[in-house]
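Below is one structure, written out as C-alpha cells, with a few remarks after it.
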Amino acid sequence: MRILWLKSDLLLPLDKGGKLRTWHLMRHLSQAHDITYVAFTEPGTSPAHVSGMQEVAREVNTVSRRDPAKRSAAFYLDVVRRLFDPWPYAVGKYRSPEYRATIERLFATRAFDLVVCDFLVPMVNLPEQLPCPAVLFTHNVEAEIWRRHAETAPRAVRWLYEQQWRRMLRLERRALARFDGILAVSDTDRETFARLYPGAARVPIDVVATGVDTTFFSPTASPAAARSLVFTGSMDWLPNEDAMRYFCRDILPLVRAEEPDVTVSIVGRSPTPLVQKLAGPGVVVTGRVEDVRPYLDAAAVFIVPLRIGGGTRLKIFEAMAMAKAVVSTTIGAEGLPVTHDRDICLADDPQAFARGIVRLLRDVPRRRAMEQSARQLVVERHDWAAVARDLALSLERTARGGRLQVSTRADARAVPTSVATATSKGL
C-alpha cells in the first residue's frame, strides 16, 4: 500500500509514549508498505531527527511552526485568543494553511491507497474531499482526558477545562463519523467511544493494542532489599504532573511512615516547575535521560498514580517487560489486560496505594511472583511484531473499502451529549 501518514510532530526524539507506539508500528509497516510522512517541526529541530525518520518512512515532509512555551505569557495569550474558537485548543492551534497545502500537493502529484490521521490533530487540516479511504489512529479518548481534567482542576479555572471538554466531545463525535476506519488502543477505549458517541462511528472500531520491545526491555532483578520507587513519562504532560504531585503529597508520606528509607525517581523529559519543586530528600527529578532502563533496573516497584489517565500506557508494559512489580491506579492501567494481584497491583486511594507498595517491598517472594507473571504476559501477547500485524490487517481492510464524505468543519452550535531499536530513550 501507498500510505500518507499525518501527524502533529516528528517521532524523533523518541521521548513520548505516543511517539514510541507510532514508531514501532511504522517500523514494521514500512517493511511491506510505502509510507509518506507529514508533520510539523519547530525552528531549531535537528536535521538528524528529520533524516532519521527515513528509517520508517520513504519520504518525510515538514511544515514549520512554533508553539509558545507552556505557562509562558505567550501561551496564556494564545489560550485567551482561542476562547471563542469552536475547536478545542489542543487541536485548533494546529490549523495551518501550509500543512493543508502540503497535503493537497501530495494528493495532486501521486496516488495513495490510504490516509492515516495519527491522533485528532491532523484532522483540522484535512481537505473535506479525499481521493482515498482515511483512518483515524487514536491513542486515547481525548474527551475523557479533558473530563478528568475538569474534575480535578482548581475551582477558579474549572470552567475553562469544562469548555474544552465539551468542544472535544463535539470534535470526537465528528471524527468518528468522518473516517472510514477507526483504531483504538484497547477494548476499554472502544467501549468508551461507543458509550460517549452512540451511532457516531459508521464503521467498526478496530483495536490495535500497545506493544513493547521485549528484547530491549529485559529483566535484571532488583536486589531483594531495594527500597526505590520509579515513575517514567513526559513530565510536561498534565496527567503525569498531576500524578506525581498527588503521589508526593498524599501517598509518599504514608509509605515512609512504614518504610522511612524509601526513595523516588521521577524520570522524564521537560519537568514543569511544579514537578521540579517535588525534588528533595529521597525524591529525584531527573529531566530527560538517554535510557530509562538503569532507573527501572534499580527500582523495587514501578508506580503509576495517574488520576486523569489516557494515553498508550506504554510505560507499564516497559516496566513489566523488565519484570518490575507495578502499583497503579485503575485509571493508570485502564484498558490493559492485567489482573490485580497477579501481574499488577491496582489501588485507587492513597491508603490502598501505599499499602500495595509497602507489601511488595516487604514480601519479596510475592514481588518476585508478580514480576515473573508481568514479564510472561507481555512476552506472550504484546511484542510489537504481533501488534503490527493486527494494524496492517486493519489498514489493508480499510484501504479496500469505500469512502465516506462527511464534513470536518467544527460546529460551534452543536450540543454535546541510532534509533535502530526504538525505546523510551530520551524521556
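The values are calculated or read from the model by the stated rules, or taken from the named source; none is laboratory data. No experiment lies behind these values; they were computed from the predicted model shown. Positions of Cβ are backbone-derived with ideal geometry, glycine not excepted, and every protein chain shown enters the neighbour counts. Protein only, heavy atoms only, side chains kept; ligands, DNA and RNA dropped before computing areas. Shrake-Rupley method; radii C 1.70, N 1.55, O 1.52, S 1.80 Å.
The amide H of Leu306, built 1.01 Å from its N in the peptide plane, has Thr329, Gly332 as neighbours under 5 Å, considering only residues 5 or more places off or on other chains. Of Ser72, Ser96, the order by accessible heavy-atom surface (1.4 Å probe, DNA, RNA and ligands excluded), from most exposed downward, is Ser72, Ser96. Once the Cβ-Cβ distance of Trp159 and Glu128 is raised to the sixth power relative to R0 = 41 Å, the FRET efficiency obtained is 0.80.
The calculated 222 nm mean residue ellipticity attributable to helices in the chain amounts to -11500 deg cm²/dmol, summing -39500 (n - 2.57) over DSSP H runs of n ≥ 4 and dividing by all residues.
A Förster radius of 22 Å, combined with the Cβ-Cβ distance separating Thr330 from Thr152, puts the computed FRET efficiency at roughly 0.90. Applying 1/(1 + (r/R0)^6) with r as the Cβ-Cβ distance of Asp363 and Glu290 and R0 = 30 angstrom yields a FRET efficiency of 0.35.
Each part gets one Cα centre, and for region 175-200 versus region 4-83 those centres are 24 Å apart. The heavy atoms of Arg170 offer some 40 square angstrom of accessible surface to a 1.4 angstrom probe.
The mean of 1/r over all distinct Cα pairs in the chain, once inverted, gives the Kirkwood hydrodynamic radius of 22.3 Å. When each of the peptides 123-135, 41-53 is scored by the mean number of other C-beta atoms lying within 10 Å of its residues, the order from highest to lowest reads 123-135, 41-53. Over region 343-387, the pair-distance histogram of Cα-Cα distances with 5 Å bins from zero comes to 5, 20, 21, 17, 16, 11, 7, 2 percent, rounded to whole numbers. Eigen-decomposition of the gyration tensor built on the alpha-carbon atoms of region 72-206 gives equivalent ellipsoid semi-axes of 27, 21, 10 angstrom, largest listed first. Averaging 1/r over each pair of different alpha-carbon atoms in region 216-284 and inverting the result gives 13.0 Å, the Kirkwood hydrodynamic radius. Quick one: how many lysine pairs does the chain have with C-alpha atoms less than 16 Å apart and a gap of 8 or more or different chains? Give me the count, please. Lysine pair count for the chain: 10. Counting only protein chain heavy atoms and rolling a 1.4 Å probe, the accessible areas of Met235, Met1 rank, largest first, as Met1, Met235. Surface composition of the chain: carbon and sulfur make up 53 percent of the accessible area, probe 1.4 Å.
When every Cα-Cα distance of region 129-252 is counted in 5 angstrom steps from zero, the calculated P(r) takes the values 2, 8, 13, 15, 15, 15, 12, 9, 6, 3, 1, 0, 0 percent.
Estimated at the nearest 10 Å², the accessible area of Trp237 is 80 Å² with a 1.4 Å probe. A simple packing score, the average count of other Cβ atoms within 10 Å per residue, orders the peptides 173-186, 155-168 as 173-186, 155-168, with the highest score first.
Around the Cα centre of the chain, unit charges on the Cβ atoms of Lys, Arg, Asp and Glu (plus for the first two, minus for the last two) sum to a dipole of about 840 debye.
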